[in-house]
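Input: a single structure, listed below in structure tokens.
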Amino acid sequence: MYKSSLYKKSPIFLQELMINIKSIIFKLLRENWLFKKRIKELHSNQYISREKLLEQQRSLLKITLDQAKEHVSFYKNVKSSNIDDFPLIGKEDIRIAPCAFLNDSKKFSYTFKSQTGGTTGKPLNLYSGLSAIIEDHAQSHRQLTWAGYLPGDKRVWLRADLIVPLEQNTSPYWRHNRIDKMLMMSVYHLSEETVRQYLEQLHNYKPKIIQAYPSAIFLFANLIESLGLAVNLKIKGIVLSSESCSDNQKLVIERVFNCKVFSWYGLSERVATAGTCKYGKMHLIEDYGYYEFSDDKLIATGFHNSKMPLIRYNTEDIFSGVSSEFNQCECGLPFLTIKSIQGREGEFLLSTSGRKVLIFNHIPKNVCGLVELQLKQKR
């Protein structure tokens, strides 16, 4: 929507109208009775025993494997019900024959097409059913509550969306999503010249939660600190996703905004999630998928995308500090803890003025015929 000529050429009030209409549609799709039911289940899962969680995981895994063998052509030659007998798959397998992974019993159900962010330089076409969209929305909601979010809290969104057309060179560099009580700010216009306007708007808006790319919020924090600007906000937490966040970046962000930073790991392939608890420990979300490790790389099987079930998918992300034995975190969650995830890092190009242009690895989406993209800056 943001890249359409209609949106880019519309006045701000019409752009905000489009944003809010889109949010209404998304709410109708994602926040139905299934969502409310799933939210209750997910919150209940936080307090069950480790044994009960593993029993639930085994049941979901069996359902996933049985459905795949019966309805997905790629897996129809697998005779065993043991996951170890299923082949390991990767991005190239899906890129070569995406239709081989589709569930033939879901061919007439509503389909959402998406792409990976292209962080490896090669975007990947993927397909999901409505139930998978609802599941991800519910999982994200649970993660927000770990950061202190309560329904009705104001949020700020600082990610890669082209909320404000690149051609716009005057404030405001944000748009109001009143349906979701969210201020959506453009990372592409954030610079030493505009950071004071961004900070003033934050002070006026008074958000409780910030959802951001690590590279975007780190740039914001770095500009604030380098210019000696004062931050007078009472933010409950900052939730980061889509990129890796270094320890140094996290320290700067927490110092500048005076709140905890939470990380949320997810994949467009819908096979795995992980999130930070209130004590700062990263947990593998085991009511979402089944996880194996090969040379510390995560091999994941998702439970909730019956439209395109991916079994034993090599995420290529490296997980460190995964214990073979369960050690209860002080938060009380029944999920395994991990030390860190070495995955996607945000990159940038430098403009002639020295301005950092961020999130280029997320731009090449939905380009027909695009197989691979590489950007190289020589000066």
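The values are calculated or read from the model by the stated rules, or taken from the named source; none is laboratory data. In this text, all values refer to a predicted model and were calculated from it rather than measured experimentally. FYI the Cβ positions are ideal-geometry reconstructions off the backbone, even for glycines, and counts take in every protein chain you see.
Just one of the listed residues (PHE326, PHE335) is in a loop (DSSP other than H, G, I, E, B), modelled with pLDDT of 95 or more and farther than 28 Å from PHE112 by Cα, and it is PHE335.
Filtered by the rule that a residue be part of a helix (DSSP H, G or I), under 26 Å from the mean Cα position of the chain (by Cα) and not aliphatic (A, V, I, L, M), the stretch 60-94 gives THR64, LYS91, GLU92, ASP93. Within the bounds of the stretch 101-111, is there any residue that is assigned to a helix (DSSP H, G or I) and surrounded by fewer than 17 Cβ atoms within 10 Å (Cβ to Cβ)? Yes, that holds for at least one residue.
Of everything in the stretch 46-98 that's acidic (Asp, Glu) and under 25 Å from ASN125 (Cα atoms), which residue is surrounded by the most Cβ atoms within 10 Å (Cβ to Cβ)? Per the criteria, the residue is ASP93.
Conditions tested, residue by residue: (1) farther than 19 Å from ALA274 by Cβ; (2) crowded, with 17+ Cβ neighbours inside 10 Å.
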site	(1), (2)
ASN125	yes, no
GLY129	yes, yes
GLU135	no, yes
ALA138	no, yes
HIS141	no, yes
ALA147	no, yes
LYS154	yes, no
ARG159	no, yes
PRO165	yes, yes
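Just one residue in the set PHE101, PHE13 is within 22 Å of GLU269 (Cβ to Cβ) and among the hydrophobic types (A, V, I, L, M, F, W, C); that residue is PHE101.
In the stretch 208-215 there is at least one residue matching the filter, namely being in contact (Cβ under 8 Å) with a residue 40 or more places away in the chain and surrounded by fewer than 22 Cβ atoms within 10 Å (Cβ to Cβ). One residue is enough: does the stretch 154-165 have a residue meeting the conditions at positive phi, without any contact (Cβ under 8 Å) to a residue 60 or more places away in the chain, of a type outside the set (A, V, I, L, M) and touching a strand residue (DSSP E or B) at 6+ places or on another chain (Cβ under 7 Å)? No, the stretch 154-165 contains no residue that is at positive phi, without any contact (Cβ under 8 Å) to a residue 60 or more places away in the chain, of a type outside the set (A, V, I, L, M) and touching a strand residue (DSSP E or B) at 6+ places or on another chain (Cβ under 7 Å).
For the stretch 307-323, the candidate set comprises residues that are modelled with pLDDT under 95 and part of a loop (DSSP other than H, G, I, E, B); within that set, the residue that is surrounded by the most Cβ atoms within 10 Å (Cβ to Cβ) is VAL322.
Scanning for something surrounded by fewer than 16 Cβ atoms within 10 Å (Cβ to Cβ), in contact with a strand residue (DSSP E or B) (Cβ under 8 Å, 6 or more places away or on another chain) and within 30 Å of GLU167 (Cα to Cα), does the stretch 5-12 turn up at least one residue? Yes, the stretch 5-12 has at least one match.
Here is a check on your reading of the model: is SER226 among the hydroxyl-bearing types (Ser, Thr, Tyr) and either under 21 Å from TRP146 (Cα atoms) or touching a helix residue (DSSP H, G or I) at 6+ places or on another chain (Cβ under 6 Å) (or both)? For SER226, the condition - among the hydroxyl-bearing types (Ser, Thr, Tyr) and either under 21 Å from TRP146 (Cα atoms) or touching a helix residue (DSSP H, G or I) at 6+ places or on another chain (Cβ under 6 Å) (or both) - is not met. For beta carbons closer than 9 Å, sequence separation of 6+ or different chains, a first residue in the stretch 269-296 that is on the phi > 0 side of the Ramachandran plot and a second that is surrounded by fewer than 22 Cβ atoms within 10 Å (Cβ to Cβ) and assigned to a loop (DSSP other than H, G, I, E, B), the qualifying pairs are ASP296/VAL322. Answer yes or no: is there a residue in the stretch 186-195 that is surrounded by fewer than 16 Cβ atoms within 10 Å (Cβ to Cβ) and out of contact with any Phe, Trp or Tyr (no Cβ under 9 Å at 6 or more places or on another chain). Looking for residues that are surrounded by fewer than 16 Cβ atoms within 10 Å (Cβ to Cβ) and out of contact with any Phe, Trp or Tyr (no Cβ under 9 Å at 6 or more places or on another chain), one finds at least one in the stretch 186-195, hence yes. Report yes if THR273 is in contact with a strand residue (DSSP E or B) (Cβ under 7 Å, 6 or more places away or on another chain) and closer than 30 Å to MET182 by Cα, otherwise no. Considered against the rule, which asks whether it is in contact with a strand residue (DSSP E or B) (Cβ under 7 Å, 6 or more places away or on another chain) and closer than 30 Å to MET182 by Cα, THR273 comes out as yes.
In the stretch 13-57, the qualifying residues are those that are more than 21 Å from the chain's Cα centre (by Cα) and aromatic (Phe, Trp, Tyr), and the one that is farthest from ALA160 (Cα to Cα) is TYR47.
Of the residues making up the stretch 167-179, just one is in contact with a Ser or Thr (Cβ under 6 Å, 6 or more places away or on another chain) and either surrounded by 19 or more Cβ atoms within 10 Å (Cβ to Cβ) or charged (D, E, K, R) (or both), namely TYR173.
Scanning the stretch 230-244 for residues that are out of contact with any strand residue (DSSP E or B) (no Cβ under 7 Å at 6 or more places or on another chain) and crowded, with 19+ Cβ neighbours inside 10 Å yields SER242, GLU243.
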